[in-house]
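Q: Encoded as structure tokens, here's the structure I'll be asking about.
The values are calculated or read from the model by the stated rules, or taken from the named source; none is laboratory data. On a predicted model such as this, the values are computed, not experimentally measured, just so you know. Backbone-built Cβ (ideal geometry, glycine too); neighbour counts: all protein chains shown. Accessible surface areas use protein heavy atoms only, side chains included; no ligands, DNA or RNA. Shrake-Rupley method; radii C 1.70, N 1.55, O 1.52, S 1.80 Å.
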Amino acid sequence: MYVGVDEAGKGPVLGPMVAAAVRASPDLLPDDIDDSKRVSPARRNAIAAELRAHDAVEIAVATVEPAEIDAPDTDMNTLTVSGQARAVRGVLRSGDRVFADAGDTSEDRFAKRLAEHVAERDGNDATPPDIDAAHGADETDPVVGAASIVAKVARDARMRAIDAAYPDYDGVGSGYPSDPKTREFLRAYVDDHGDVPDHARRSWSTCADVLAAAEQSGLDEF
């Protein structure tokens, strides 16, 4: 038994980043677990449900909301560490080994920072857990892959809820800046309200671009 941890939704302009930790033995997991991006949505949902139903598999999920992402005194690397640490704390037991998908260019630095953040739950003098991190761990390690899938399914559920919160618009899309539907939703919302919605990461350049375009349009009409 060990803990795998990963996150989903680091790059979108809309919605939270979601981290998930899974505590399990690899032989308890479905054989087709992989990086969530390489698994179909239907299969991701089925795997996540199977994991949650298994008595010997423990799961914890943590969200990093747009307001926290937009805070001026932080950055995405730190928020990734923080989100993963919150999830790990939800399942970690004494003596557990933790394997993480590295959210930093330096695997060793990410592992060290994650261990320090996890240890903070017991105070500054707590002994950090044994944590390893690697790029692509969600593809090479089944427990990290399971965490990747759980995080993605949870993130997708949040996006469906966000979509339902705006029934007057033609959908919010995936939330990624490259998604034309997401960009059109933001443009339409700003045209109607003069600001981006609460679920948007206003510090993202996509939001700044939409707001600037709306302002210029208003000036042109004036």
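Q: Using the Cα centre of the chain as the reference point, and only Cβ charges (+1 on K/R, -1 on D/E), how large is the resulting charge dipole? Debye, rounded to the nearest 20.
A: 460 debye
Q: Using the charge dipole of the chain (Lys, Arg: +1 at Cβ; Asp, Glu: -1 at Cβ; taken about the Cα centre), state which of Ala102, Val190, Pro142 has its Cα farthest towards the positive end.
A: Of the options given, the answer is Pro142.
Q: Using helices alone, what [θ] at 222 nm do you get for the chain, with -39,500 (n - 2.57) per DSSP H run of 4 or more residues, divided over all residues and rounded to the nearest 500?
A: When only DSSP H runs of four or more count, the value is -14500 deg cm²/dmol.
Q: Report the relative contact order of region 1-88, percent, no decimals, based on alpha-carbon pairs under 8 angstrom and at least 6 residues apart.
A: The value is 39 percent.
Q: Still on this structure, I have one more. May I ask which residue of His54, Thr78, Ser203 lies farthest towards the positive end of the charge dipole of the chain, with charges of +1 (Lys, Arg) and -1 (Asp, Glu) on Cβ and the Cα centre as origin?
A: Of the options given, the answer is His54.
Q: Which order do peptides 2-8, 184-190, 89-95 fall in by mean Cβ count within 10 Å, highest first?
A: In decreasing order of mean packing, 2-8, 184-190, 89-95 become 2-8, 184-190, 89-95.
Q: With every protein chain present, what is the per residue accessible area of the chain (1.4 Å probe, Å²)?
A: Using a 1.4 Å probe on heavy atoms only, each residue of the chain averages 48 Å².
Q: Net charge near Gly173: determine it from the other residues with C-beta under 9 Å of the C-beta of Gly173, scoring Lys and Arg +1 and Asp and Glu -1.
A: With Lys, Arg at +1 and Asp, Glu at -1, the neighbours total -1.
Q: State the three equivalent ellipsoid semi-axes of region 23-129, derived from the C-alpha gyration tensor as the square roots of 5 times its eigenvalues, in descending order and whole Å.
A: Ellipsoid semi-axes (Å, largest first): 26, 19, 13.
Q: Here's another thing I want to ask about it. Specify the residue with the greatest mean-square fluctuation among Ala21, Ala151, Ala208, computed from a Gaussian network of the chain linking alpha-carbon atoms under 10 Å apart.
A: Maximum among the listed residues: Ala208.
Q: Please report the antiparallel percentage of DSSP beta bridges with both residues in the chain, rounded to the nearest 5.
A: Taking every DSSP beta bridge within the chain, about 65 percent pair in antiparallel fashion.
Q: Considering all alpha-carbon pairs of the chain, what whole percent are spaced by more than 31 angstrom?
A: For the chain, the fraction of Cα-Cα distances above 31 Å is 26 percent.
Q: Could I ask something else about it? Could you pull out every whole DSSP H run in the chain that spans at least 20 Å of Cα extent along its own axis and averages 0.0 or higher on the Kyte-Doolittle scale?
A: Helices meeting the span and hydropathy rule in the chain are 142-164, 205-221.
Q: Also, I was wondering about something else. Enter the Cα centre distance for the pair region 80-96 and region 1-38, rounded to the nearest angstrom.
A: 13 Å
Q: What residue among Asp179, Asp101, Asp156 has the largest mean-square fluctuation in a Gaussian network model of the chain, using Cα springs under 10 Å?
A: Taking springs between Cα atoms under 10 Å, the residue moving most is Asp179.
Q: Among Leu28, Pro16, Ala133, whose Cα projects farthest towards the positive end of the dipole of the chain, with charges put on the beta-carbon of Lys, Arg (+1) and Asp, Glu (-1)?
A: Farthest towards the positive pole: Leu28.
Q: Which value, in debye to the nearest 20, describes the size of the charge dipole of region 71-195 about its Cα centre when Lys and Arg Cβ atoms bear +1, Asp and Glu Cβ atoms bear -1, and nothing else is charged?
A: Value, rounded to 20: 300 debye.
Q: Counting only protein heavy atoms and using a 1.4 Å probe, what share of the accessible area of region 42-186 belongs to carbon plus sulfur, as a whole percent?
A: 46 percent
Q: Also, quick follow-up: Mind checking the full-extension length gain between Tyr176 and Arg109? Use 0.36 nm per residue of separation minus the Cα-Cα distance, one decimal, nm.
A: Taking Tyr176 through Arg109 to full extension adds about 21.4 nm, to one decimal.
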